[in-house]
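Below: one structure, written as structure tokens.
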Ligand SMILES: [Cu+2]
């Protein structure tokens with residue numbers, strides 16, 4: 001069956017933590033409405049753009065097999081949806097589990113244009129009494145995204161640091177100490193936090209989603225063990241932990257046993273820890289680097305404030321990598337080929353282009369052309385592209401291994417690939433020696449953290465592998481909004497001959513470009529970053 005949604009994006013003022021700022025709402029809601037479907041359903045979303053600039057929505061982690069034009073990335077698969085126009089996405093719920101959707105137009109999603117997307121399916125690997133649904137976690141800024149991108153994209157001579165986040169929200173809520181609010185911003189104290197109900201003895205599934213712009217989240221519930229049951233869209237053999245690391249774009253599903261007393265009230269936390277300027281993993285400004293929610297047991301006084309403490313250690317907060325990837329063992333094993341058709345090394349650097357410090361992949365910093373989607377070019381038979389499109393044409397390869405080196409000292413990179421569930425073969429520092437973690441059944445997910453380089457001369461690496469079973473043009477990029485703005489992005493062109501021969505691209509794709517072109521003919525597009 002088809003699940004229909006009708007979304008309207010609009011500019012507005014929002015104050016999820018009590019501090020008023022300009023932002024973007026979908027159907028007047030923050031976070032945006034949750035999309036729900038069953039595995040195998042179709043999802044159809046009509047998007048009306050009432051913003052004063054372009055937009056597009058991306059359905060994070062879905063494969064978009066046979067519908068690559070609906071992946072939602074402007075300049076890659078579509079032109080932006082022009083202001084005043086509508087565009088209808090239609091795609092299969094081809095995987096099951098927990099994900100999210102968000103604007104893929106510049107850093108627009110950090111203004112609030114994101115929501116959860118839940119696809120129900122079997123969960124043979126996990127038993128629980130109740131599904132408590134999405135727990136959306138994000139860093140939050142008291143400035144709208146254009147101002148943040150202005151700072152990120154300032155000339156190198158301005159010597160500006162990256163933006164620092166003001167708060168952490170759990171399901172769109174958190175309080176903020178108004179005494180710290182930027183002068184001139186209206187602030188209402190005690191905005192309130194999210195609340196969850198536990199019944200002693202029961203077990204609950206929580207679907208954790210990091211929908212943030214920059215921050216790596218460290219999620220925990222005081223006094224409770226978290227049983228990890230899925231990484232991104234991949235059910236795994238369950239394991240226990242006291243804290244879950246979530247890079248931007250990552251999801252982790254956990255089962256929690258309510259082992260507390262019926263009268264308990266405990267904190268749920270998502271911590272950023274110390275600033276990256278002093279060895280931490282994220283860039284909070286230090287005022288409110290921990291987002292909290294309250295878990296009330298069945299007989300708790302729901303007016304009470306918890307007094308519980310966290311077991312998360314300083315070392316855990318300072319560990320800026322994926323949780324031990326050897327524990328991410330897919331419940332349904334797949335052995336990737338030991339001899340892929342193509343092995344591609346990618347080298348990430350952070351350097352000056354003469355005026356600006358940007359990210360480069362193989363010495364090329366990405367820049368989008370919103371008017372010229374690569375997929376439509378590929379359909380027309382084009383196989384070479386302007387260098388700033390960063391297109392890697394993998395031809396007819398059926399399996400592709402990416403050996404990605406990070407030479408930059410600008411923090412870790414949550415690397416996201418569209419259109420694939422990616423085998424994670426190895427992560428480390430130095431030069432990869434060819435060894436693979438759990439080679440008969442390595443972890444799979446769609447976002448993996450590439451650590452910071454060990455030193456100016458010793459890089460870090462991550463080794464990823466995909467089956468090229470999905471003809472299309474697939475983004476592979478860092479999910480930190482500021483880093484993709486700075487060009488840390490490549491396009492993977494997969495099986496172009498099949499795109500050209502076999503795909504019928506709907507007319508709406510060309511029409512959207514015609515509409516966008518008409519709009520840009522009499523409006524200036526403020527393109528100060530890479531575009532994505
Ligand atoms: Cu990055």
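FYI, it's all coordinate maths here, none of it is from the lab. Predicted model, so just to flag it, every value in this text is computed and none were measured. Methodologically, a virtual Cβ is constructed for each residue, glycine included, from the backbone with ideal geometry; neighbour enumeration extends over all protein chains shown.
Can you give me the Cα centroid spacing of region 487-516 and region 419-483 in angstrom?
Region 487-516 and region 419-483 have Cα centres spaced 25 Å from each other.
Find how much the distance from residue 131 to residue 147 grows on full extension, using 0.36 nm per residue of separation minus their present alpha carbon separation; answer in nm with one decimal.
1.9 nm
For residue 263 and residue 240, what is the calculated FRET efficiency with R₀ set at 41 Å and r taken between the beta-carbons, to the nearest 0.05?
Using R0 = 41 Å, I get an efficiency of 0.95.
What fraction, in whole percent, of alpha-carbon pairs in region 323-388 exceed 18 Å separation?
67
Run through the DSSP bridge list for the chain and note the antiparallel percent, rounded to the nearest 5.
Percent antiparallel among DSSP bridges in the chain is about 75.
Over the chain, what is the mean sequence separation of C-alpha contacts under 8 Å (at least six apart), divided by residue count, expressed as relative contact order in percent?
Worked out over the chain, it gives 16 percent.
Sorted by mean Cβ packing within 10 Å, highest first, what order do the peptides 127-133, 174-180, 88-94 take?
88-94, 174-180, 127-133
Rounded, prolate or oblate for region 342-521? Axes are the square roots of the Cα gyration tensor eigenvalues, ordered a ≥ b ≥ c, and the cut-off for rounded is a/c under 1.5.
Oblate, since a/c reaches 1.5 and b/c is not below a/b.
Going by average Cβ density within 10 Å per residue, which order do the peptides 7-16, 472-481 take, highest to lowest?
Packing proxy ranking, top to bottom: 472-481, 7-16.
For residue 88 and residue 504, calculate 0.36 nm times their separation in residues minus their Cα-Cα distance, and state this gained length in nm to one decimal.
The residue 88-residue 504 span can extend by a further 148.1 nm.
Find, to one decimal place in angstroms, the Kirkwood hydrodynamic radius of region 364-430, where the mean of 1/r is taken over every pair of different Cα atoms and then inverted.
Result for region 364-430, one decimal place: 14.9 Å.
Do the sum for the chain: with -39,500 (n - 2.57) for every DSSP H run of n ≥ 4, divided by all residues, what is the mean residue ellipticity at 222 nm, to the nearest 500 deg cm²/dmol?
-2000 deg cm²/dmol
Is the shape of region 50-167 best called rounded, prolate or oblate, per the rule: a/c under 1.5 gives rounded, else a/b larger than b/c gives prolate, else oblate, with a ≥ b ≥ c the square roots of the Cα gyration tensor eigenvalues?
oblate
Using a ≥ b ≥ c from the Cα gyration tensor of the chain (square roots of the eigenvalues), is it rounded, prolate or oblate, where a/c under 1.5 gives rounded and otherwise the larger of a/b and b/c decides, a/b for prolate?
Because its axes are fairly even, with a/c under 1.5, the chain counts as rounded.
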